[in-house]
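Quick note: the coordinates plus some simple rules give every number you see, no bench work behind them. Computed from a predicted model, the values in this text were never measured in an experiment. A quick note on method: Cβ atoms are made from the backbone with ideal geometry, for glycine too, and the neighbour counts reach across all protein chains shown.
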Amino acid sequence: MLQYALKRAVLALLVALTVSLICFLLVNLSTDVATAMAGEGATAEAIDVIRHQYGLDRPLPVQYVEWLGHAARGDFGDSLYFRTPVAALVLERMPTTMILGGAALGFALLLSIPLGVVAALKPNSWVDRLTLTIAVVGQAMPTFWFALLLMFLFGVTLHLLPISGGDTWQHFILPSIALGYYATPAIMRLTRSGMLEVLESDYIRTARAKGLGNTSVLFKHALRNAVAPVVALAAVQLGFLLGGSVVIETVFALNGLGYLAWEAIGHNDFPVVQAVVLLISLVYIVLTLLADLANAWLDPRIRIG
Amino acid sequence: MHKYCKLLRVTLLAAAVAFALPAQAGKRDNSVKLAANQVPESLDAYFNNVRVGVILAHHIWDTLIYRDPKTNEYKPSLSTGWRWIDDKTLEFDLRHGVKFHNGAAFDADDVVYTLNFVSKPENKSTTQQNVNWIASAEKIDQFKVRIHLKKPFPAALEYLAGPVVIYPHEYYAKVGPKGMSEKPVGSGPYMVVENQPGRLVRLKRNPNYFKDSPKPQPQIETLELRLIPDQNTQTAELMAGGLDWIFNVPPDQAQQLKTVPTLQVKAGESMRVVFLTMASGEQTPTPVLKDIRVRKAIIHAINRQAMLKTVVGESARVIHTLCFPAQFGCTDEGAPRYDYNPAKSKELLKEAGYPNGFDIDLYAYRERPQTEAVIGYLRAVGIRANLRFMQYAAMRDAIREHKAGFAHQTWGSFSVNDVSAMTPVYFKFSADDVTRDPQVRDLLEAGDTSVKPEVRKVAYKNALKRIAEQAYVVPMYSLPVYYAYAKDLQFQPYPDEIPRFWEYRWK
């Protein structure tokens, strides 16, 4: 198990390094950072001054290696745009994204597990079709579109919830629904198929034969087993949700990591872009690693195979 | 994607109009809640280059001179009088009795410290072009200063009336740009009482604002600027009553908002002009544009007047030379005008040896529907323009590296009402000059370096005439800016795109 865990950890580290390198190259090759920093009105001379001042005239490998060395010590440098330490910016914005991610996942689980169970209980019925429709719509509809629909319904028309900002817990309701809905289909499908499989199994038949009530069979025996893989999937989905927060935070003007990434991309603030991408990647990689390890712990065939 | 967004906006707006409640969040407490879609990287006016930063700067700080946006006349502000000592020296008499928000008294030390600090490149001001003409500032006595210029720069007064604001020297020396960004202190009509970087800036009326200021005493008690990046979210907030004022509303959305009974929509002409650059210099990546007949054919092919009605919007106007008509030195007198004439365009192309037209890449970075309209007009005469749409920085790189020869550009002149902030950028042999005509360069240089207004006017007129005769660019039109706001708010837009909340009030 330890050997397996170490192997997975090294692989995770390599993935993180690759992500940072790709991100660095994409930012630097897409445009000239000094031109973007100087803004629309800058003369060529002004851009040259900025390029020199920020060391952007050095070769790319030198810039990358220097950044990586500092990053390993937790120093991501200063934001080229905000002119403050990147680490402080990221830490300041992190809680908003974590709250949003957690709330979105909570909403997704609350919606998808009951729907998945209901669909499994009545396979191929109209209930099953309805849940399938919900899943398909959730997967197909762009999050920004769904976000706007929610905004106009609950904010503009009904005046029930705040539209943008993050001052109170009510501000997180619409963004969490918009973001969480995207994760719903995968969890719901897995719950449904897990439940279908479990409900067909021998021990459920035995439980029924023993005369246990339907509720007891369903919640005490079937659901507990069917939901186990969902926990692993939820961890991975949380990673997706953190990535998806770029769009949602921008639409709802939530001052989190996603919004920071959006701003940084717009201003070619590559130290911030890299830090955010690296951080979200690390969270995703760690969550995936934990899910892998949990699965391997539960199922020895995985670590041997 | 764009079409879907548009469809969604139209549908949602139409649905929401029917249910919208009174949208006057701030009338009750005499405040105005406004939104911007970009975060200024710093509130220090010399360390950000976004529009909302310029707007805030005009409210928090004052300048030595004030340009009346209605008459374009220069008026005393922090200085009571000024004079040119020679071509490179300006002298200012400073106002007595002005106090900064922290209680510090304004005098020559503030002007000298601010200008000397921001004009030094090592202090890394982001807006270099606003201050790089300053050699130094010198204190003559407590209320008299001289500004020494690096070279004759008659537009200096325009900059001193615009982006060059004055800071309290002791405070700025103590806290630097970072501290000034966190807790800005100025002498302007509004003072910052809350600053949540990346979220909101709250300003309160300055009760001790100096009485002789050319800016009227502010009436609105509080301004709350929220940063909401998404335009649709801003619109939703405005309709729900969470905001009172938004700007840069897309034209199609503005048309829909006009139907909301609690809102007003106003279009204001901006100083930003739209034009197509055609690289005809030696290093052009599009040699076809070296032929003046081809360049003229392109101008004749585009129906600019019709574009105003269909894709640009109200309050805009067609321009015939490369400058904004209200700018000092801008004129189209004597310059040829190219009417919309597709037949003549085809004829010119035939004469130039392109009876079947040609293929060309057209680079663009904003106002995509307008670029697409241009492409449609060009196709009608046989010019097959292929759209290359990208970010501004990428497009500018491509132009400077001689990879993009034909580009749809815009220029806002930094709200500087002088032609030196516009035409020379593209015609004085800088990296953005894709034409490189020595005659134009010399004429512009004469205009840029004389302090005699008449000499400047003649020089610019001849330069603009030469540019138009040679058809070096396609001057298109000025761009309108759409504002949407609560019906009871008295608001007046200006071409420099700076709302002046010290003038506005609730009805």
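Overview of results
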| read-out | value |
| --- | --- |
| Computed Kirkwood radius, in angstrom, where 1/r is averaged over Cα pairs of segment B:22-85 | 14.6 |
| Residue mean of other protein chain beta carbons inside 10 Å, B:37-47 | 3 |
| Cross-link table B:266/B:309; B:309/B:346; B:150/B:457; B:99/B:150, entries beyond 27 Å C-alpha to C-alpha | B:99/B:150 |
| Rg in Å to one decimal, and Dmax rounded to a whole Å, for segment B:206-250 via C-alpha atoms | 14.8, 41 |
| Taking B:337, A:192, B:366, B:51 and counting other C-beta atoms within 10 Å, the order from fewest to most | B:337, B:366, B:51, A:192 |
| Considering only the protein assembly as shown, percent of DSSP beta bridges that pair antiparallel, nearest 5 | 75 |
| About the Cα centre, charge dipole magnitude for segment A:100-244 (Lys/Arg +1, Asp/Glu -1 at Cβ), debye | 480 |
| Charge tally in the Cβ shell below 13 Å around residue B:69, where Lys, Arg are +1 and Asp, Glu are -1, residue B:69 excluded | -2 |
| Expected 222 nm ellipticity per residue - DSSP helices of 4 or more, -39500 (n - 2.57), all of chain A, to 500 | -24500 deg cm²/dmol |
| Convex hull projection area averaged over all views, the protein assembly as shown, Cα basis, nm² | 39.8 |
| Over chain A: Kirkwood hydrodynamic radius from C-alpha pairwise inverse distances, Å | 22.0 |
| Ranked B:244, B:437, criterion: other C-beta atoms within 10 Å, fewest first | B:437, B:244 |
| Residue A:231-residue A:62 FRET efficiency (beta carbon distance; Förster radius 45 Å; 0.05 resolution) | 0.50 |
| Residue A:203-residue A:17 FRET efficiency (beta carbon distance; Förster radius 30 Å; 0.05 resolution) | 0.10 |
| Within chain B, helix-based [θ] at 222 nm, where runs of 4 or more DSSP H residues each add -39,500 (n - 2.57), nearest 500 | -9000 deg cm²/dmol |
| Global geometry of segment B:41-182, whether rounded, prolate or oblate, following the gyration tensor of its Cα atoms and the 1.5 cut on a/c | rounded |
| In sequence order, calculated HN-Hα J values of segment A:162-174 (Karplus, 6.51, -1.76, 1.60; Hz; x Gly/Pro) | x, 8, 9, x, x, 6, 10, 5, 5, 5, 8, 5, 5 |
| Environment charge at residue B:455 (Cβ cut-off 15 Å; Lys +1, Arg +1, Asp -1, Glu -1) | -2 |
| Highest-first arrangement of B:405-411, B:379-385, where packing means the average Cβ count within 10 Å | B:405-411, B:379-385 |
| Stokes-Einstein diffusion coefficient of chain B, Kirkwood radius over Cα pairs, 20 °C, 1.002 mPa s, in µm²/s | 88 |
| Pairwise centroid distance, computed over Cα atoms, of segment B:266-296 with segment B:41-60, Å | 31 |
| Residues B:350, B:457, sorted so that the one with the fewest Cβ neighbours within 10 Å comes first | B:350, B:457 |
| Gap separating the Cα centres of segment A:224-254 and segment B:381-418, nearest whole Å | 40 |
| Local net charge near residue B:108, Cβ-Cβ under 14 Å (Lys/Arg +1, Asp/Glu -1) | -4 |
| Distance between segment A:115-159 and segment B:195-253 - C-alpha centres, whole angstrom | 37 |
| Within chain B, percent of DSSP bridges classed antiparallel, to nearest 5 | 75 |
| Top positive-direction residue, dipole computed over chain A with Cβ charges, set A:191, A:201, A:227 | A:201 |
| Taking N as its residue count, the alpha carbon Rg of segment B:266-335 over 2.2 N^0.38 Å | 1.31 |
